[in-house]
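Following: one structure in structure tokens, then a few remarks.
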Amino acid sequence: MEAGRIEMIQEGRLVRRVALPRSEVPIPFERIVRAVADPAWIDEVEPGVFEVATAIVQEAGTSMVFAAPDVRLIRLLDRPDVFLGGRGAIARFEGVTVTSWDAEQGGPDEDLSDGRAFVLYDQGGRLDVVDSQMSYLGSDRSGGAYGVSWRQDGITGEVINSTFDHNLFGVFTYEAADMVFRRNVFRDNLSYGFDPHDYSTGLVVEDNEAYGNGNHGFIVSRYVVDSVMRNNRSYGNKGSGIVLDFESNRNRVEDNLVEDNAGDGVVVLGSGDNVVMHNVIRNNRVGVRVNNLASVGNSIVSNHIEGNRIGVQAYGGSSDVEIVDNTILDSAETGVILDAPHTVLRGGEVRGAARGADVRTTALLSGVQISEVDHGVTIASTGIAQLDQVEIDARLQSLRVERDGLVTGVDSSTLFPRPSELASSEKDARLPFVGVTAVLVAVMLELVRWKRERRDLPCPVPAEVWNRA
């Protein structure tokens, strides 16, 4: 009695089905090779090295293992529609290298123009990759042929101690559930290193490394929720280090090192209720960027953010951002730009920048220390800021309030120079009113905000947008 079948497909046509015997354990790949018994399709060119010239597709319910030492290297030949895959099937790669292969060149297929081999498991099931390497896979075709892909119907798996390099995308998921990615390397891929996509949920992404990728190191996009990214390193990528995109909500990004990326460090784009916590983020364009309308209720907590052009920037329709107890050091331009309504900058310090904090909408600054900056806090004409126990030590100007801007202060201090020393030369700088009760302050701020929204006043100091994507 058979337990299922393997389909073999060439140039889009089913050319053969191979029946699998019923077994309580996964069927080894080398057993499939013996059953096929045709080197024109699968050829063991030397012990443990196989060249595959056809698509091998597991049917639903089948289970197969590709494992060393019997299988060490699988070369997927540069021919139309060559790939490894399954529908509702189970597969495990352990101790194996899988690569595309150009037989004429005697090396990996580096020409994507005519397609390239890939690994794709979909319609549920499970794919595990352990102690393996997946290289030079995937092209720009749709449907998941991006490199190594898990796709649809809650497919799952574990990916442990493996390397994904020189693929189009290092890995890609779509509707995956409860997957674990731990101690992997995603490097030198043409686009993203790590890319879980639509409706992938409950992912655990720990102790991985992404570098040298042509776009973002790590990105989750379109409803990737309830996942954790912890203790990863993302550096030297041509895009940003870690990106949460398009309604990727309720995720935690914690204890990661994100540095030296051409784009930004950590980006929260159109996603809400995420926590970015205890990360080291340095030498990127913007350290932490929060923008787009659905970016509501995100928390940026206890991060070390150093040496970026801008430390933290919240803008572009985002709101209710909490920036708490961060250390923001040596920003080339501005430590913090607050252009998201109802943002709170609480605790921590901003030290070493041309500008400490720019406020361009309603914001509360509480208990934060700003020092070693040229300009401490600047309230734009659209800014409404409450300063509560804020310490500012600036070289040129501690507090600037542009015309039509508003600031109130409670127990705040400016060390050098004091606003009163600048009043004669800065005609639009005004001192805060002190002593107004908290209730009256809140009512006044909301009234002014409401009037400004009704008048639809433009902002003469627009937020600088580094990356809209």
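Quick look at the values:
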item	result
Residue match in segment 168-191 (condition: among the polar types (S, T, N, Q) and out of contact with any Ser or Thr (no Cβ under 9 Å at 6 or more places or on another chain))	yes
Which numbered condition VAL290 misses (of (1) farther than 22 Å from ASP226 by Cβ; (2) touching a Ser or Thr at 6+ places or on another chain (Cβ under 7 Å); (3) part of a strand (DSSP E or B))	(1)
Some residue of segment 196-205 being of a type in the set (Gly, Ala, Ser), within 18 Å of SER149 (Cα to Cα) and surrounded by fewer than 24 Cβ atoms within 10 Å (Cβ to Cβ)	yes
Segment 26-41 - residue that is surrounded by fewer than 14 Cβ atoms within 10 Å (Cβ to Cβ) and without any contact (Cβ under 8 Å) to a residue 12 or more places away in the chain and, of those, farthest from PRO80 (Cα to Cα)	ARG34
Enumeration of residues in segment 304-324 that are assigned to a loop (DSSP other than H, G, I, E, B) and touching a strand residue (DSSP E or B) at 6+ places or on another chain (Cβ under 6 Å)	GLY307, ASN308, GLY316, SER318, ASP320, VAL321
Residue within segment 200-207 that is part of a loop (DSSP other than H, G, I, E, B), modelled with pLDDT of 95 or more and in contact with a Gly (Cβ under 6 Å, 6 or more places away or on another chain) present	no
Number of positions in segment 80-109 that are surrounded by fewer than 22 Cβ atoms within 10 Å (Cβ to Cβ), part of a loop (DSSP other than H, G, I, E, B) and without any contact (Cβ under 8 Å) to a residue 40 or more places away in the chain	4
The one condition in (1) in contact with a strand residue (DSSP E or B) (Cβ under 6 Å, 6 or more places away or on another chain); (2) crowded, with 24+ Cβ neighbours inside 10 Å; (3) without any contact (Cβ under 8 Å) to a residue 40 or more places away in the chain; (4) of a type outside the set (Lys, Arg) that THR163 fails to fulfil	(2)
Subset tally (residues that are more than 33 Å from the chain's Cα centre (by Cα) and closer than 17 Å to ARG31 by Cα) for segment 69-83	3
Selected residue (criterion: nearest to the chain's Cα centre (by Cα)) from residues of segment 206-216 that are more than 16 Å from VAL148 (Cα to Cα) and crowded, with 23+ Cβ neighbours inside 10 Å	HIS216
Enumeration of residues in segment 374-393 that are part of a loop (DSSP other than H, G, I, E, B) and in contact (Cβ under 8 Å) with a residue 24 or more places away in the chain	ALA380, SER381, THR382, GLY383, VAL390
Qualifying residue in segment 141-158 (condition: over 18 Å from LYS238 (Cβ atoms), among the aliphatic types (A, V, I, L, M) and assigned to a loop (DSSP other than H, G, I, E, B))	yes
Considering residues of segment 42-51 that are touching a Lys or Arg at 6+ places or on another chain (Cβ under 9 Å) and free of Cβ contacts under 8 Å to residues at least 40 places away in the same chain only, the residue surrounded by the most Cβ atoms within 10 Å (Cβ to Cβ)	PHE50
Matching residues, segment 337-352, being in contact with a Leu (Cβ under 6 Å, 6 or more places away or on another chain) and either over 16 Å from HIS375 (Cβ atoms) or not small (Gly, Ala, Ser) (or both)	VAL344, LEU345, ARG351
Condition met for ARG233 (surrounded by fewer than 24 Cβ atoms within 10 Å (Cβ to Cβ), touching a Leu at 6+ places or on another chain (Cβ under 7 Å) and in contact (Cβ under 8 Å) with a residue 24 or more places away in the chain)	yes
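The values are calculated or read from the model by the stated rules, or taken from the named source; none is laboratory data. What you see is a predicted model; the values in this text were computed from it and never measured. Here the Cβ is made from the backbone with ideal geometry for all residues, glycine too, and neighbour counts use every protein chain on show.
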